[in-house]
Amino acid sequence: MSAPDTAEGALGAAAETAVDAIGAAQIGAGAPVLAFDVGGTDIKSALFDAGGVALGLRRTPTPAGGDDSPSRLIERLAELAEELRVQHPDVVPQAVGLVVPGIVDPERGVAVFSSNLGWRDAPLRELAQTRFGLPVAFDHDVRSASWAEHVLGGAQDYTDVVVLIIGTGIAGALIIDGRPHTAGGYAGEIGHSPLGEWPCPCGARGCLEAIASAGAIARRYADATGEPVDGAREVIARASAGDATAARIWDEALDALTLSIAQLAAVIAPEAVVIGGGLSQAGGALFDELRARLAERLSFHRIPALVPAQLSGDAGLLGSALRAREAAEEQA
């Protein structure tokens, strides 16, 4: 349905990797917790110790969708948790963090809808609490990633901030007055805000991600020229080299992103927009252009700072762990 339903940097269906820790990122001292970041293709899992270090981080394939996919998913998470406990018997988790894609209602603990994973109104928090016998913090993957950026990364200095993840699709999350704004799981679908009349695979028209996501940029160039490209970065490089078609497609993407951010500036006036995902690696070609175009389009509005995300693909898992810590503290 949306970018939150798309696995960023997903591994192949049979792939499995494990590393010792998440780069240099840690969540600080606190209760040991289990954390899971479920994507459409793979699951990231780790055990965070009392010092906040991720132990046994790995990616494993997500169980295939279907009518019983919620229960099969929870069983797979329980297997991963047991493996982590055997590897690190001295670390006893006090809570579980679980974040998933799609439309998620964290207050009710329900995964409202996921097209890739094939569930509707799945009571995942209840299923996980029953299986683990621990408090479970349940949330949306990108909203959790935005919370990690707010606590640990690029959004630390801001109270009102929008986080945009621009990759295969475009996912978003809103933090207002220092708190996530969820609206029953429907807030933050910036990738599906309407800006024009072009078709979107979600069934609506004019969605931002259908013209400005990295996936859309590459796809639109291939459709226009008959030449497949290795992602949006190649289109941007061709635009810089004088390719007129690439320049047009990149310009249209920038215009759409500018309009979307301008609308956010007019409606919720964020102090900053933190941009992550694959397209954020374009650097000045993205950030400098957006800053210039926003300055031209807006007048009296508060123009938000445009800030690169700092936590990369680790943000969702870190956010899951942070939320689990909160759940453990509430139970203490």
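Of the beta bridges DSSP finds with both residues in region 155-309, what % are antiparallel, to the nearest 5?
Working: 11 of 20 bridges.
Close to 55 percent.
To check you understand DSSP bridge types, tell me what percent of the beta bridges within the chain (both residues inside) are antiparallel, rounded to 5.
Beta bridges within the chain, antiparallel portion: roughly 65 percent.
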Could you rank the peptides 125-131, 137-143 by their average count of other C-beta atoms within 10 Å per residue, with the highest value first? 137-143, 125-131
For Ile43, what residues show an amide H to amide H distance below 5 Å, using hydrogens built from the backbone and excluding near sequence neighbours? Thr60, Thr62
Inter-label distance, nm, simple model (7 Å from Cα along the C-beta direction), Trp198/Asp288: 2.5
May I ask you to evaluate 6.51 cos²θ - 1.76 cosθ + 1.60, the Karplus curve with θ = phi - 60°, for each residue of region 129-142 and list the ³J(HN,Hα) values in order in whole Hz, giving x for glycine and proline? 4, 5, 6, 8, x, 9, x, 10, 8, 10, 7, 7, 5, 6
With Cα extents along the principal axes in Å in mind, check [x] 59, 43, 35; [y] 55, 53, 40; [z] 49, 49, 42 and report the label derived from this structure. [x]
Phi-derived 3J(HN,Hα) across region 237-249 with the Karplus relation (6.51, -1.76, 1.60, θ = phi - 60°), rounded Hz, x for Gly and Pro, is 5, 5, 4, 5, 8, x, 6, 5, 5, 4, 5, 5, 5
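Roughly speaking, what is the stretch gain from Asp251 to Glu126, that is 0.36 nm per residue apart minus the C-alpha to C-alpha distance, in nm to one decimal?
Numbers: separation 125, 0.36 × 125 = 45.00 nm, distance 4.63 nm.
Result for the pair: 40.4 nm of gain on full extension.
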Could you sort the peptides 153-160, 195-202 by per-residue average Cβ neighbour count (10 Å cutoff), highest mean leading? 153-160, 195-202
Please compute the modelled spin-label separation between Arg108 and Arg85, points set 7 Å along Cα→Cβ, answer in nm with one decimal. 3.1
Residue among Gly278, Ala246, Ile268 farthest towards the positive dipole end of region 155-309, charges placed on Cβ: Ile268
Amide H neighbours of Gly276 under 5 Å, counting only residues 5+ apart in sequence or on other chains, H built in-plane at 1.01 Å? Leu164, Ile165, Ile166, Ala309
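Applying a 10 Å radius around every beta-carbon, put 86-92, 311-317 in order of their mean neighbour count, most first.
Numbers: 86-92: 11.6, 311-317: 25.4.
Going by the mean number of other Cβ atoms within 10 Å, highest first, we get 311-317, 86-92.
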Efficiency of FRET from Cβ geometry, Arg297 and Ala237, R₀ 22 Å, rounded to 0.05: 0.25
Scan around Gln94 for amide H atoms under 5 Å from its own, H built in the peptide plane at 1.01 Å from N, and keep only partners 5 or more places away or cross-chain. Val33, Leu34
Using θ = phi - 60° and Karplus 6.51 cos²θ - 1.76 cosθ + 1.60, couplings along region 205-217 (whole Hz; Gly, Pro as x): 10, x, 5, 4, 5, 6, 10, 10, 6, 4, x, 5, 4
Separation in nanometres of the label points that stand 7 Å from Cα toward Cβ, at Ala50 and Val267: 4.6
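Just so you know, all these numbers are worked out from the coordinates, no wet-lab data involved. A quick note: this is a predicted structure, and the numbers were derived from the prediction, not measured. Please note: Cβ atoms are built from the backbone with ideal geometry, for glycine as well, and neighbour counts cover all protein chains shown.
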